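The values are calculated or read from the model by the stated rules, or taken from the named source; none is laboratory data. Since the structure is predicted, the reported quantities are computational estimates derived from the model, not experimental observations. Using ideal geometry, Cβ is built from the backbone for each residue, glycine included, and neighbour counts are taken over all protein chains shown. These area figures cover heavy atoms from the full protein model, side chains too; ligands, DNA and RNA do not enter into them. Shrake-Rupley method; radii C 1.70, N 1.55, O 1.52, S 1.80 Å.
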Amino acid sequence: MTAVTVPGALRQGVELARKDLRLELRAGEALLVTAPFGAVALLLVPLAVGSDVPLLRQVGPGLYWVVVVLFGVLVTLRQSAVDDPALAAMLRLCGVHPGVRLGGRAAANAVLLLAFEVLLAPVAVVLYDPEVSGWPWLLAALPLVAAGLAVLGTLANALAHGLAGRTTLGSLLVVPVALPLLLGASQTLEVARYGRAPWSWLLLMLTVDLATAVAVGLTARHLEEST
């Protein structure tokens, strides 16, 4: 078993996250490919519904979160097809704990997902003109959803490692578990619109984030013991 100090683990995790983000900046897969498709998905609903402004204003926030969750799964699983077993072996030889590797991956995915959410938000506002009286609560919902999807995607990647078609399998694992995040995010704005504090929904999303983080830690421990 590899002994890892907390400062050393944090430093390694930050470096791994920076590596993933640099690769994403070069490839542009998440923000330059997935984000435009998400914007098109938001555009299709007004085209189908027509000019029913009250209806669009009512369903807009919920549709935004649906697109964020569905396309966010693609963002967080983007590395499944390019994971290199040789890289994982090299990290093990360098003394990088599996938990550090998974933590760095989750952190990079969280940053990308947050950027994805921020890019789609103006599109949703322009298309749906939603009631934004409770928008300050959005500042809490956005990072909670991004972190939850990032950790869920990291966990799905780890569980499906080595399996054929693991990108598809990862999506099937993430989407059902992400439903509490979708429900919590959509209800946060709905409750805030009526002047009430949506603490219970924020707590639901935080609970999902923490539970999946614990699951990632247990998975990392299993990976360490199996090597």
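For the reader, a short list of remarks on this structure follows.
- Model label sites at ARG196 and ALA121, defined 7 Å from Cα along the beta-carbon direction, differ in position by 2.4 nm.
- Along segment 140-157 the Karplus relation, 6.51 cos²θ - 1.76 cosθ + 1.60 evaluated at θ = phi - 60°, assigns HN-Hα couplings of 8, 6, 4, x, 5, 5, 4, 5, x, 5, 5, 5, 4, x, 5, 5, 5, 4 Hz to successive residues, with x for each Gly and Pro.
- Theoretical FRET efficiency, 1/(1+(r/R0)^6), r = Cβ-Cβ of ALA211 and VAL175, R0 22 Å, to 0.05: 0.85
- Straightening the chain between LEU23 and LEU10 buys 2.7 nm, computed as 0.36 nm per residue apart minus the Cα-Cα spacing.
- For PHE37, solvent-accessible area (1.4 Å; no DNA, RNA or ligand), Å²: 130
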